[in-house]
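First up is the structure itself, then whatever we jot down about it.
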Amino acid sequence: MMKKVRVERDKQGFWTHPQLPEWDESTTFADSKKWFSEKGLDCALVIMDGDLGEQWGNGEIDSCLAWEPEINIQDAYLVGIWDTEDGVVAMFAFPQIILEDSDKAAEFKTDISGWVSSDGRFYGKDERLARYAGSTHRKCDCGNIIPKNSYCNPCAEKRTKEKFLAMPVVAWDGASYIYDENTDKYFSNPEELVEHYAVDDLDSSSAMLIVCKPNYARQIEDDFWCDDLPEDISFDECGGVEQETISLLNKLNEKLKTTVLSYSPGDQRLDQSLLF
């Protein structure tokens, strides 16, 4: 299996993954994709365009080291940077994407009369399960193609935003902690929050401020001593426990009811118009 390795570009900025074959000018992109496909991978090209691409084409520069090629494909990694007749290109490899409705996900074997997934497992007449097992990615309701066991970030962010906007808006009560879902940070007061956005030069319009609810200390229940008590007898019923001890425990539990240990996001959002 081809793996990601450290990229060490030469003076001109070129580099080739050590596991790539020695392709020449006669090698087509289709040939490259076939080679990667045999290893369970796919590939894509990115061309150096913009100012650097124009300078290279005009012969104004003889090195592309300033170019840091990127591609918006999950788990993709660089396998080569070369000069071509179309300009400098970078090739990325990434795990092959197989959707459930793809012919590669599963095929029907007539000799065994059943469905076999792409990983060679036999599922009999269960085409749906075979296609799911043999696929690597799925299509989200929004149309994005994502790994089948993950979630769609844009949709997750949209749901989070919709849930936030559905919360009732309240003013700060002067005591509650504030949670900002945008930065995943807690603040003891609005001034601290506003300062954070100013110092870090953050966009205040992206803030998602939620009023926190306190998490109180748990009371000490009877079952804390259950392994030490006689069978089927509660702490209050145990004759060997002094009344003073029971009274102290009850007082402690009353205190614990108002002992705040931490805070968690609640179900109300803060009125941000009063802050920014």
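Could you work out how much longer the chain between ASP103 and GLU242 gets when fully extended? Use 0.36 nm per residue separation minus the Cα distance between them, nm to one decimal.
42.5 nm
As a check on your grasp of the helix formula, calculate [θ] at 222 nm for the chain: sum -39500 (n - 2.57) over DSSP H runs of n ≥ 4, divide by the residue count, round to the nearest 500.
-6500 deg cm²/dmol
Report, in cubic angstrom per residue, the convex hull volume of the C-alpha atoms of the chain.
Cα-based convex hull of the chain, divided per residue, equals 297 Å³.
Among the GluC sites (Glu not before Pro) within region 24-59, which fall in a DSSP loop and have no more than 16 other Cβ atoms within 10 Å of their own Cβ?
Passing both the DSSP loop test and the Cβ count: GLU25, GLU38.
Suppose R0 equals 22 Å; then what is the FRET efficiency for GLU254 and ILE233 from their Cβ-Cβ distance, rounded to the nearest 0.05?
The formula returns an efficiency of 0.40 here.
Ranked highest first by the average count of other Cβ atoms within 10 Å around their residues, in what order do 151-164, 131-144 fall?
131-144, 151-164
Distance in nm between label sites at ARG138 and ASP62, each 7 Å beyond Cα in the beta-carbon direction?
Going by the 7 Å Cα→Cβ label model, 5.5 nm.
Between the DSSP loop rule and a limit of at most 14 other Cβ atoms within 10 Å, which trypsin sites (Lys or Arg not before Pro) in region 182-276 are left?
When the trypsin sites (Lys or Arg not before Pro) of region 182-276 are filtered for loop state and at most 14 Cβ neighbours within 10 Å, ARG218, LYS257 remain.
Please enumerate, by chain and number, the lysines with C-alpha under 27 Å from the C-alpha of LYS161, excluding those fewer than 8 residues away in the same chain.
Counting by Cα, and skipping residues close in sequence, LYS161 has these lysines nearby: LYS139, LYS148, LYS185, LYS213.
Kirkwood hydrodynamic radius (Cα pairs, Å) of region 15-95?
So the Kirkwood estimate lands at 13.5 Å.
Residue by residue through region 109-122, what is 3J(HN,Hα) from phi via Karplus (6.51 cos²θ - 1.76 cosθ + 1.60, θ = phi - 60°)? Round to whole Hz and write x for glycine and proline.
Per-residue couplings from phi come out as 8, 6, 6, 10, 6, x, 8, 10, 6, 5, 8, x, 8, 8 Hz.
First select every other residue whose beta carbon is under 12 angstrom from the beta carbon of TYR179; then total the charges, Lys and Arg +1, Asp and Glu -1.
-1
Can you list residues whose amide H is under 5 Å from LYS148's amide H, if they're 5+ apart or on another chain and H is modeled 1.01 Å from N?
HIS137, ARG138
Residues in region 65-91, backbone N under 12 Å from the label point at GLN55 (7 Å along the Cα-to-beta-carbon vector): list them, ranges by number please.
65-68
Computed from the coordinates by the stated procedures, all read-outs in this text should not be read as laboratory data. Everything numeric in this text was worked out from a predicted model, so none of it was measured. Methodologically, a virtual Cβ is constructed for each residue, glycine included, from the backbone with ideal geometry; neighbour enumeration extends over all protein chains shown.
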